[in-house]
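To start, the structure itself, in structure tokens.
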Amino acid sequence: MAEKMELKSTEVWDGNYAAAQALRQAQVDVVAAYPITPSTPIVETYGSFVANGYIDGEFVMVESEHAAMSGCVGAAAAGGRVATATSSQGFMLMIEVLYQASGMRLPIVLNVVNRAIASPLNVRGDHGDMYAGRDSGWVQLDAFNAQEAYDLNLCAFKIGEDINVRLPVMVHQDGFVTSHTAQNVHPLSDDEAYAFIGDYKPVDEMLDFSKPVTYGAQTEEDWHYEHKAKQHRALMDSYVVIDRVFEAFEKKTGRKYKRLETYMMEDAEVAILALGTTVETSILAAKQLREEEGIKAGVVAPRVIRPFPLNELRAALAGIKCVAALDRSCPMGAMGALYNETCGALATIPAEQRPLVTNFIYGLGGRDFAVDEAKRIFREQKGHADVGHITTHVQQFSGLRGPKLGFYESKRS
Amino acid sequence: MAIRSVKNLKEFSTANERFEGAHLLCPGCAHSMIVRELMNATDDNLVIATNTGCLEVSTAVYPYTSWDTSWIHIGFENAATAAAGAEAMYKARKRKGTLKDPDAPVKFVAFGGDGSTYDIGFQWLSGAVERGHDFTYICLDNENYANTGGQRSSSTPVGAHTSTAQAGRVSYGKKQKKKDMVAIMAAHGAPYVAQLAPNKWKIMAKGFQKALETEGPCFINTVSACTTEWKFDAKDTIHITDLATDTLMFPIYEIINGHELNILYRPKNVLPVEEYLAAQGRYKHLFKPENRHVIERIQKEIDEKWEYLQRREEAKV
Amino acid sequence: MRGVLATDKRGVRELGAEDLVGWDEVTQGVVLNSFDIEVENPAFLRPEERPYSDFNSYTATVASWRVIKPVYNRDICIDCQNCWVWCPDSSIISRDKQMLGIDYDHCKGCGVCVEVCPTNPKSLLMFAEAEEPEEALGKWPEKKKKAK
């Protein structure tokens, strides 16, 4: 039996360490992984737990990220709890198998420590890898700090393994800013954490020899479409379970999570919509602007990226004057993904309730996004709000050197 | 482990098939002969992973499966890793006591064609063998990407015509030698590596049993004559395989623990390779006068390889 | 032969001709179950003892692939099981070391069984698909003399 670890009520952990601790407490059966910056310490820390008797499960260090996810799929189909971690190029190499995992409805937990995608090569944090997972059929949870990286890992197992969900779950955190920054984290005890997640309940397991199962059959036009539609429905409907798990987690810890987090939105005129560590930066900027300049600024942040909280976003933004959707991934020839999701949500409410929506690309390859820049963006949105139309390009680049870069203008009549 | 008696065919034929008919492999395909024999060689439960390829697309086309054992296909390249993942899960659950029937004997097997074994899945296979998972990997080597219509693989032999290494006015087909996968896998230090052929059913069954019984990763390359892409009549699969083993185009041997080489079949009359080549459409062009030198090259390389294998066996190193 | 043929167990469905699937029939994760209920290791169960599910290809047929078919002559057969070991379609029905016949639902007519049959004359011969087995047996060749 694995040894338990005595934890203090407040630990100083970075995001990677917090994630590794959650995996240990979940008593994962198989971790198949391959190291890549900046997620490497998750795997290394887990390795140290293995080496010191804290893990009963198998730790399989494979030869690539593609193999890591392949091993996870094989292991998950064999009926146990499975997790791994990756970033960036490793995530890209995994992508083929991400779709296989979700198509086979295997609840694997993948920690994605967000990092930019080459070329040019870059090890710093942006959301390129996270965005590349958008259509892969996984539940995507986004942590904004180390505590949340820990909490959401515990929730991820409980959500994905729920009999009504049975889908793999990604837990995202920002590379370096979250993954390598030590912060106060309040963990549960080993027993409490495991009790919260519960035992793994096998479904269609390959190791139940009384019921042989075939995984990964081919389906052509007669069958493929219904399978994909059913999988989509499962992901769409998973919000019910996500809400239930977040409620249970709040009861246990007092820490409240919502599929769409909103900050100071009750009376907000202008808002920033963002993901990751930018959320905390924006909250700080909004607070300062409220105090210093009286701008009614608020922040909206999808905690759950898939299934996308469209109803909640629509409700949060209805009636405000202007919102800036911040995308930390270059959409390459289109508007940013968060911008598009936002416009899609707002298109379903009456025109007079719709705010103006602008799009900022920012922070690529780890370019810093500071409070001052968030304040500048809020002020600019306030300017649009005051005149009633977008006075800049609809899509702009924040914090970019060289001449101002922008695309599309609003059509006013 | 529950081994099936392979003393003689009558004994062996009492096995209860776990590979079902109405799969979609071509008539006369050697793949299913090999798969049936593997599954009939043991009574243990099996967890089988299969790479994308003829076997996979023919045996699990929704809504049908031809497998009476647990089976998984993920992608073209990763059956070895899928089997490894399942094997790791088995170990973890056995340790934790969460298996439904912890005493049921089980063997982990992965199948791949030469496309997925020699080429696209090479890294995944190498990694799984290096890590020492307890599984048996069986390559169904038909020397081309038959599932996609017969393109070259690194297992395609010199002189063979494939759709991407064609014979034509200025080409005699594939120019490069076949990759020596058996040597590569033996170099991994795998405890049991062999090259086997379905025409020698008893040698093959015993080899399979040895691999399944051996703890650790085992690799077996099996010659799988391809009626469609080698271009011979479906009824002649075993005849062509006889020619493959008796011309020594496919020598039958095993390598234990990476070094101890045993030849498992010595033809009484070694046939000239011409007989093997002449029986298949994919080598037809080699019989043109300007291409005869290729046949000579093939024969020379066969002779050298046989000499090498015999000396390795004698040397007992 | 009765009782051991796939035909006795199945609706004999033509591959590819099944009705379009409804929403409810689509299994979660594309998982297929080989059997309807829990079974002991099928290695210890004869096919006729197994609770095949409709997803098992055992319950389907590929008979339409065939243009010629093997016909089996029990009188000459020595039960060597060559045809059994090399049949690529699991279509030689053997029980208790005896060859019983051919599963025509799964046989694709490749002719391997005839080629590997060692008797003289052969105990298996290929005939046109339409040929009645009784008629085929009437046309069986005599023992061939060894060429000198």
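The values are calculated or read from the model by the stated rules, or taken from the named source; none is laboratory data. Predicted model, so just to flag it, every value in this text is computed and none were measured. In this analysis, Cβ positions are derived from the backbone assuming ideal geometry, glycine residues included, and neighbour counts consider all displayed protein chains. Note: accessible area is taken over every heavy atom of the protein model, side chains too, but ligands, DNA and RNA are not part of it. Shrake-Rupley method; radii C 1.70, N 1.55, O 1.52, S 1.80 Å.
Worth a mention:
- Residue in segment A:160-167 that is open to solvent by less than 20 Å² (accessible area, probe 1.4 Å) and closer than 21 Å to A:Asn16 by Cα present: yes
- Scanning segment B:195-232 for residues that are within 21 Å of B:Asn147 (Cβ to Cβ), out of contact with any Cys (no Cβ under 9 Å at 6 or more places or on another chain) and at the interface with chain C (Cβ under 9 Å from one of its Cβ atoms) yields one hit, B:Pro198.
- In segment B:258-309, the residues that are open to solvent by 90 Å² or more (accessible area, probe 1.4 Å), in a helix (DSSP H, G or I) and not charged (D, E, K, R): B:Pro289, B:His293, B:Tyr308
- Residue pairs whose Cβ atoms lie under 6 Å apart, separated by 6 or more positions or on different chains, with the first residue in segment B:300-311 and in contact (Cβ under 8 Å) with a residue 12 or more places away in the chain and the second surrounded by 13 or more Cβ atoms within 10 Å (Cβ to Cβ) and assigned to a helix (DSSP H, G or I), are B:Ile302/B:Val273.
- Filtering segment A:339-370 to residues that are part of a helix (DSSP H, G or I), touching a residue at least 24 places away in the same chain (Cβ under 8 Å) and more than 19 Å from A:Asp327 (Cβ to Cβ) leaves only A:Gln353.
- Test: B:Ile255 is buried (at least 17 other Cβ atoms within 10 Å of the Cβ), out of contact with any Lys or Arg (no Cβ under 6 Å at 6 or more places or on another chain), in a helix (DSSP H, G or I) and not aromatic (Phe, Trp, Tyr): no
- Selected residue (criterion: farthest from the other protein chains (Cβ to nearest Cβ)) from residues of segment A:192-203 that are assigned to a loop (DSSP other than H, G, I, E, B) and touching a residue at least 24 places away in the same chain (Cβ under 8 Å): A:Gly198
- Test: residue in segment B:74-96 that is in contact (Cβ under 8 Å) with a residue 40 or more places away in the chain, part of a loop (DSSP other than H, G, I, E, B) and buried (at least 24 other Cβ atoms within 10 Å of the Cβ): yes
- The conditions of being open to solvent by less than 10 Å² (accessible area, probe 1.4 Å) and assigned to a loop (DSSP other than H, G, I, E, B) are not met by A:Leu121.
- Contact map, segment A:138-156: residues that are farther than 9 Å from A:Gly15 by Cβ and assigned to a loop (DSSP other than H, G, I, E, B) paired with residues that are open to solvent by less than 10 Å² (accessible area, probe 1.4 Å) and of a type in the set (S, T, N, Q), Cβ distance under 9 Å, separation 6+ or inter-chain. Pairs shown: A:Trp138/A:Ser102; A:Phe144/A:Gln173; A:Phe144/A:Thr178; A:Phe144/A:Thr278.
- Some residue of segment B:126-135 being within 28 Å of C:Glu38 (Cα to Cα) and either more than 9 Å from chain A (Cβ to nearest Cβ) or open to solvent by less than 10 Å² (accessible area, probe 1.4 Å) (or both): yes
- In a residue-by-residue description of segment B:6-21, the property of being at the interface with chain C (Cβ under 7 Å from one of its Cβ atoms), among the aromatic types (Phe, Trp, Tyr), assigned to a loop (DSSP other than H, G, I, E, B) and open to solvent by less than 20 Å² (accessible area, probe 1.4 Å) applies to no position.
- The residues of segment B:22-68 that are open to solvent by 10 Å² or more (accessible area, probe 1.4 Å), within 7 Å of chain C (Cβ to nearest Cβ) and closer than 20 Å to B:Gly150 by Cβ, listed by number, are B:Pro27, B:Cys29.
- The lone criterion from (1) modelled with pLDDT of 90 or more; (2) within 12 Å of chain A (Cβ to nearest Cβ); (3) in a loop (DSSP other than H, G, I, E, B) left unmet by C:Gly29 is number (3).
- Test: residue in segment A:352-362 that is in the same structural domain as A:Asp267 (by TED's automatic domain parsing) and surrounded by fewer than 18 Cβ atoms within 10 Å (Cβ to Cβ): yes
- So C:Pro118, is it within 13 Å of another protein chain (Cβ to nearest Cβ), surrounded by fewer than 15 Cβ atoms within 10 Å (Cβ to Cβ), more than 30 Å from A:Asp208 (Cβ to Cβ) and not acidic (Asp, Glu): yes
- Residue count, segment C:42-80 (criterion: more than 7 Å from chain B (Cβ to nearest Cβ), in contact with a strand residue (DSSP E or B) (Cβ under 6 Å, 6 or more places away or on another chain) and open to solvent by 40 Å² or more (accessible area, probe 1.4 Å)): 1
For (1) within 14 Å of chain B (Cβ to nearest Cβ); (2) open to solvent by less than 40 Å² (accessible area, probe 1.4 Å); (3) not polar (S, T, N, Q), each residue gets a yes or a no:
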position: A:Asp190; (1), (2), (3): no, yes, yes
position: A:Glu205; (1), (2), (3): yes, yes, yes
position: A:Pro212; (1), (2), (3): yes, yes, yes
position: A:Tyr225; (1), (2), (3): yes, no, yes
position: A:Lys228; (1), (2), (3): yes, no, yes
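- Residue count for segment A:37-64 under the criterion of being open to solvent by 10 Å² or more (accessible area, probe 1.4 Å), more than 9 Å from chain B (Cβ to nearest Cβ), without any contact (Cβ under 8 Å) to a residue 60 or more places away in the chain and in contact with a helix residue (DSSP H, G or I) (Cβ under 7 Å, 6 or more places away or on another chain): the result is 3.
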